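Read through the structure below, which is laid out as structure tokens, and then see the notes.
The values are calculated or read from the model by the stated rules, or taken from the named source; none is laboratory data. Worth saying up front: this structure is predicted, and the values here are computed from it rather than measured. Here the Cβ is made from the backbone with ideal geometry for all residues, glycine too, and neighbour counts use every protein chain on show.
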Amino acid sequence: MSTSLEPQDPKIVHVAVGVIMQSDQVLICWRDAKLHQGNRYEFPGGKVEAGETPRQALARELLEELNIQVKTVVRAQQLYFNYPEKTVCLHIFKVTAFSGAPCGQQNQAIRWVNKYELGQYQFPDANAPILRMVLLPDEYVITKPQSNTQDLDKWLNWHIHHTPQQAWLYVRHKQLDTSQYQQVITTLARQRPDLQLFAMYSHIKALKSCWPECKIFLAGVHFSQAELMQLSVHTEPTELPSSWYRVAACHDQASITQANALGLDAVLLSPLHTTSTHAGQAGLGWKEWQQLCKNSMLPVYALGGVAPNDLAQVQQADGFGVAGIRAFYSSVCNS
């Protein structure tokens, strides 16, 4: 079976999949042993019928399977799986609000599981990328630029005290050498063990050569668009730990296509709006941003003039989450 993100067979079977979540709890169902890759757990959903959109199919399937009516659905990712006899396209959605009490309408066992414990359960092979997606947060935070009047220790101390709890934090600081960058990562990891830290890809090779333990402190790597466009399915860095999340910056269709082909975990699509820090760069605007979002097979974070309270609007435009700098930190000393 191939798990490439591009279909190889024109006969594509479209399937809508719902990841139903309540806080950190996820609903999973037992898959009958008679079915392909059965006798294990799965996320509920089913085939998209003729004339249906994937969202409509999801609503119908969850009503038929679990007797619930979906209220809030978030587009998450799209995966193609090429089998000898057919190609299956999974349209994966997060369901974050619904009415009714889930109950197996086809006598299938269901259970709520903490999202951090999903790895303890056996799922069909096709569900592996979904298990990674489930852990993605609504917000992706980026470190603030260091001002001319601020030394590195002060900059670092500010982030230690003002970064939100449990944040996924991209440590972006282009002026640091490898030794300084290592110091920043180490200090953040030790002072704020609750954070999921993402490193600039430009520092990764140097970090790994002088500091093999860096993988203990990091949750993932962040590619700039320029770095993303230099990668291929054959040259993507294999030295990165498989557990690391791979996130990339995208600004246009070419970079979205590249990220799709590489099967990354998420992208930051920007700028949605024109910002004061990049006044010369026109924002994409909602219409173009949403169209690019639809073309992505990966979870998309909006970046550029957005704040946490824009999450609902971003998700209505087919986005997954929001990313940013100033608006994502504590308002105290937010200067």
Which condition number in (1) surrounded by 14 or more Cβ atoms within 10 Å (Cβ to Cβ); (2) more than 20 Å from Asp318 (Cα to Cα) is the one that Gln77 fails? (2)
Only one residue in Val184, Val171, Val141, Val134 is touching a residue at least 24 places away in the same chain (Cβ under 8 Å), within 26 Å of Phe81 (Cα to Cα) and touching a helix residue (DSSP H, G or I) at 6+ places or on another chain (Cβ under 9 Å), so which one is that? Val134
Quick test of your reading of the structure: Gln77 fulfils all but one of (1) touching an Asp or Glu at 6+ places or on another chain (Cβ under 7 Å); (2) at pLDDT 90 or above; (3) not β-branched (Val, Ile, Thr). Name the failing condition by number. (1)
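Residue by residue, here is whether (1) over 18 Å from Leu135 (Cβ atoms); (2) surrounded by fewer than 19 Cβ atoms within 10 Å (Cβ to Cβ); (3) among the acidic types (Asp, Glu) holds:
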residue	(1), (2), (3)
Ser224	yes, yes, no
Glu239	yes, yes, yes
Arg246	no, no, no
Ile256	yes, no, no
Ala261	yes, yes, no
Gln281	yes, yes, no
Trp289	yes, no, no
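Could you look through the range 43-99, keep only residues that are part of a helix (DSSP H, G or I) and farther than 25 Å from Asn114 by Cβ, and pick out the one that is farthest from the chain's Cα centre (by Cα)?
If we take residues in the range 43-99 being part of a helix (DSSP H, G or I) and farther than 25 Å from Asn114 by Cβ, then Glu64 is farthest from the chain's Cα centre (by Cα).
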Out of all the residues in the range 207-222, is one or more of a type in the set (S, T, N, Q) and at pLDDT 90 or above? no
I want to confirm something. Restricting to the range 204-222 and keeping residues that are within 24 Å of Pro164 (Cα to Cα) and among the hydrophobic types (A, V, I, L, M, F, W, C), which single residue is surrounded by the fewest Cβ atoms within 10 Å (Cβ to Cβ)? Ile216
Count, please, the residues in the range 306-323 that happen to be under 19 Å from Thr274 (Cβ atoms) and either buried (at least 24 other Cβ atoms within 10 Å of the Cβ) or of a type in the set (Lys, Arg) (or both). 5
Count of the range 76-90 residues which are in contact with a Ser or Thr (Cβ under 9 Å, 6 or more places away or on another chain), of a type outside the set (S, T, N, Q) and closer than 14 Å to Val17 by Cβ: 3
Pick from the range 228-269, criterion of a type in the set (D, E, K, R) and at pLDDT 95 or above, ranking: farthest from Trp168 (Cα to Cα): Asp252
Determine whether the range 18-40 contains at least one residue that is assigned by TED's automatic domain parsing to the domain that holds Gln108, buried (at least 21 other Cβ atoms within 10 Å of the Cβ) and in a loop (DSSP other than H, G, I, E, B). no
